[in-house]
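The structure appears right after this line, and notes come after that.
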Amino acid sequence: MARTRTFVVHVENKPGVLNRVASLFRRRSFNIDSLNVGTTHEPGVSRMTIVCQADDDTAKRIEANLYKLVNCLRVDEITDVPSVGRNLALIKVGVDAERRAEVLQLCDVFRARPIDVGPESVVVEITGAPDKIEGLVEVLRPFGVLEMVQTGTVAMARGAQKYELGNGHHNSSSPVRAA
Amino acid sequence: MPDRVGETLTGAQLLWEALVREGVSVCFGYPGGAIMPAYDALPKYPIHHVLTRHEQGASHMADGYARASGKVGVCVATSGPGATNLVTGIATAMLDSIPMVAITGQVPSGLIGSDAFQETDITGVTLPITKHNYLVTRPEEIVPALREAFYIARSGRPGPVVVDITKDAQQQSCTFEWDDTPIALPGYRPDYSPLSEDLERALELINEAKRPIVFAGHGVMRGQATGRLLDFIQKTDIPVACTLLGLGGFPATHPRNLGMMGMHGEAWVNTAIQESDLIIALGMRFDDRVTGNLKNYAAEAKKIHVELDPAEINKNVRVDVPIVGDVRDVLGKLLPRVQPSDRSEWLGRIDALKGDAAVRDIKYMPDSGKLYAAHVIHDLYRFTEGAALVVTDVGQHQMWEAQYYKHDHPRKLLTSGGLGTMGFALPAAIGARFAKPDEEVWVVVGDGGVQMTACEFSTCAQEGIKVNVAIINNGFLGMVRQWQEFFYEGRYVATPMVSPDFCKLAEAHGLTGIRVTARSEVEPAVRKAQETDGTVVIDFRVEQEDAVYPMVPAGADLGDMIRRPEEPATDAKTKGPLSRALGHNPIFETGED
């Protein structure tokens, strides 16, 4: 059964690596919901969070195929491990001074922050799971949402473990063991 | 050659320095603007350059060289069209896991992205058809990129690597540094060791099995596991079926070798697979041409899959025991602990299946005055004593060769299996010739495929090399015609093909051409080819509407084969609708001869 999966992928920060990862998903018909990439605290290492739809076999194959990329340092599927995941969204609402307070009050309920206020608009920032962001958008919609932008999910497992880069699953067939 | 480490060299010189140190003695290529600095520096280095007639030929030659030698094949091309012409050969090498390094020139780094003259983003184009690729824009990066490229190409599951080098990087200079320490790439793990628990489970299954069968794939040969496989079979008495690329990995004349499996595998092989209770798959990937309909594929069999590439496990066929590792290593660990077993019941069953098929074998049919492709290939096998290095193209002749030329040794059959690239054979054979200068090399090719890369006859002439070319000429794109006959009610759309006079074509290149129209002429022609210096082209005018049997239609169950007709061929049975209607061979009668 296909379900939503989250992969944390550490890659070398080199030109074209994002393209290699994206091309792999396209070529093998793996279905991406979101892909987020940014640098990490380690020099030369970028980290991707990839959310996609996959069944158990496909998930193993995604992992094994990512490992075939020479620039891919480590792959961890954190779908079923305790973890935190966040999206960030900016939402611009078209309100004047008269109804501004109402909007700000709603934002407060959702723990969203106003980051820009103009005579006829407000930009609010919200982080959280996609359904929370969706919830805020729905309550703001009647006021007139002018535009919005959001990131894909960034995710991290809980606990004190440290990723050993370049040694993930080395000398082991665990990525392919039947689930 | 002087050791120039520490000297200041141009990028072009660094390129050849690196290649020499990687053991390259021959490369195949075609010059052009963006790779000219590299060509200008070449004469000072002990590397023979073969000028091809088309870059596709260069990539197939590098491929053929790699397949025949086991070493990394190298091809060189300029930017833009030169690089894109390599693409078919690179994709061919990718699907068959062939170690190859393709070096391309690129426009100067300052012009990249400007749609400059002959600019193509070749690293972008080849991204999905290479194991890895590099864009090199500075001379300092040339040596490290090439070292990594050779390492990646040959290690683990081999594959092609493209190194795209800008013209300015070739022109500029830097200090030549060479690091002899083994390459360590943080994200690249080519070696997997099998887990002991997987080996235990495999041993259990092998020792319990009543109707086991071993699959020998390309990985047996590439992993140099042919000797161990032989030991394994001697001890366990398990019958072996080969994939197309696995032919030669286990001696064809060994009594336990059943032959090729899959779409055009012999009926006893496919039936045995369907009846087996254990498949031990070694270095193969359950391609759709091997399995047929996956739903009913070897339904009763447990499956052990020994494979170096973890991404192949459970890709097509769900297996019970995956063993990620090198075939040689795994067999070495299993061998001492597998138990000999009495297989007489299982082998007896397979013998019964064989007996049923043998009566249909065209090889034993009386000479009716007609020339069948199967006869040509069987005769070629006899007159070369099974020892030739045979390079086949793609189509009917390729399958007939796989059925009728019995290869007892590895690296004696080179063929494009995964991609099925027509035009592969002639250039690949030229490459193989440079790897094996003392072997008898035969190209077996159709009249369609040979015309795709026939320009390389000129390369044979310029290089003064000898390959024997057997054109199985039936005036059709034979395999497509066969599908049209079987599945499209005999509508021969775009498959009848008019060819040039291949003998005159050979002569025009200064080569020797021979025409054969009857079986009695086959031996004299083969003998003459063997005795003649230089490349010989034999135009075998074979039956036009002959079909390859058995055949598992695409998507059908493996056991559901179209079988070979039981009776000797007669016109009514073998001729397709076109010849039946016209009563003559329309293509051959259009020429002057």
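The values are calculated or read from the model by the stated rules, or taken from the named source; none is laboratory data. In this text, all values refer to a predicted model and were calculated from it rather than measured experimentally. We place every Cβ from the backbone using ideal geometry, glycine too, and count neighbours over all the protein chains shown.
Quick notes
- Of the residues screened, B:T123 is not one that is among the hydroxyl-bearing types (S, T, Y) and either in contact with a helix residue (DSSP H, G or I) (Cβ under 7 Å, 6 or more places away or on another chain) or under 16 Å from B:L15 (Cα atoms) (or both).
- Matching residues, segment A:1-17, being surrounded by 15 or more Cβ atoms within 10 Å (Cβ to Cβ) and within 14 Å of chain B (Cβ to nearest Cβ): A:V9, A:H10, A:V11, A:E12, A:N13, A:G16, A:V17
- Count of segment B:165-209 residues which are without any contact (Cβ under 8 Å) to a residue 40 or more places away in the chain, within 14 Å of another protein chain (Cβ to nearest Cβ) and either more than 32 Å from the chain's Cα centre (by Cα) or assigned to a helix (DSSP H, G or I) (or both): 3
- Residue, farthest from B:D63 (Cα to Cα), within segment B:135-164, restricted to residues that are assigned to a strand (DSSP E or B) and β-branched (V, I, T): B:V136
Results for (1) in contact with a helix residue (DSSP H, G or I) (Cβ under 9 Å, 6 or more places away or on another chain); (2) surrounded by 15 or more Cβ atoms within 10 Å (Cβ to Cβ); (3) among the small types (G, A, S); (4) free of Cβ contacts under 8 Å to residues at least 24 places away in the same chain, shown as yes or no for each residue.
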site	(1), (2), (3), (4)
B:W483	no, yes, no, yes
B:Y492	yes, yes, no, no
B:P496	yes, yes, no, no
B:K504	no, no, no, yes
B:L511	yes, yes, no, no
B:R515	yes, yes, no, no
B:A529	no, yes, yes, no
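- Condition met for A:D96 (more than 28 Å from B:P186 (Cα to Cα), at pLDDT below 95 and within 14 Å of chain B (Cβ to nearest Cβ)): no
- Identity of the residue in segment A:44-68, touching a Ser or Thr at 6+ places or on another chain (Cβ under 9 Å) and in contact (Cβ under 8 Å) with a residue 40 or more places away in the chain, that ends up surrounded by the fewest Cβ atoms within 10 Å (Cβ to Cβ): A:Q53
- Counted residues, segment A:2-36 - those being without any contact (Cβ under 8 Å) to a residue 40 or more places away in the chain, outside any loop (DSSP other than H, G, I, E, B) and over 15 Å from the mean Cα position of the chain (by Cα): 5
- Entirely in segment B:48-116, the strands (runs of 3 or more DSSP E) that have 2 or more residues that are buried (at least 24 other Cβ atoms within 10 Å of the Cβ) and in contact (Cβ under 8 Å) with a residue 24 or more places away in the chain: B:73-77, B:100-106
- Residues located in segment B:259-290, provided they are over 19 Å from the mean Cα position of the chain (by Cα) and under 26 Å from B:P194 (Cβ atoms): B:I273, B:S276, B:D277, B:L278, B:I279, B:I280, B:A281
- Test: residue in segment B:557-569 that is modelled with pLDDT of 90 or more, crowded, with 19+ Cβ neighbours inside 10 Å and touching an Asp or Glu at 6+ places or on another chain (Cβ under 7 Å): no
- Of the residues contained in segment B:218-237, one or more are found to be free of Cβ contacts under 8 Å to residues at least 60 places away in the same chain, in contact with a strand residue (DSSP E or B) (Cβ under 9 Å, 6 or more places away or on another chain) and not in a strand (DSSP E or B).
- B:T130 among the hydroxyl-bearing types (S, T, Y), under 28 Å from A:S29 (Cβ atoms), outside the structural domain of B:D326 (by TED's automatic domain parsing) and surrounded by 24 or more Cβ atoms within 10 Å (Cβ to Cβ): yes
- Residue in segment A:48-93 that is nearest to A:P119 (Cα to Cα), counting only those that are among the polar types (S, T, N, Q) and facing another protein chain (nearest Cβ under 9 Å): A:N71
- When segment B:444-465 is filtered for residues that are within 17 Å of B:A58 (Cβ to Cβ) and either buried (at least 18 other Cβ atoms within 10 Å of the Cβ) or within 15 Å of the chain's Cα centre (by Cα) (or both), the ones remaining, listed by number, are B:M452, B:T453, B:A454, B:E456, B:F457, B:T459, B:C460.
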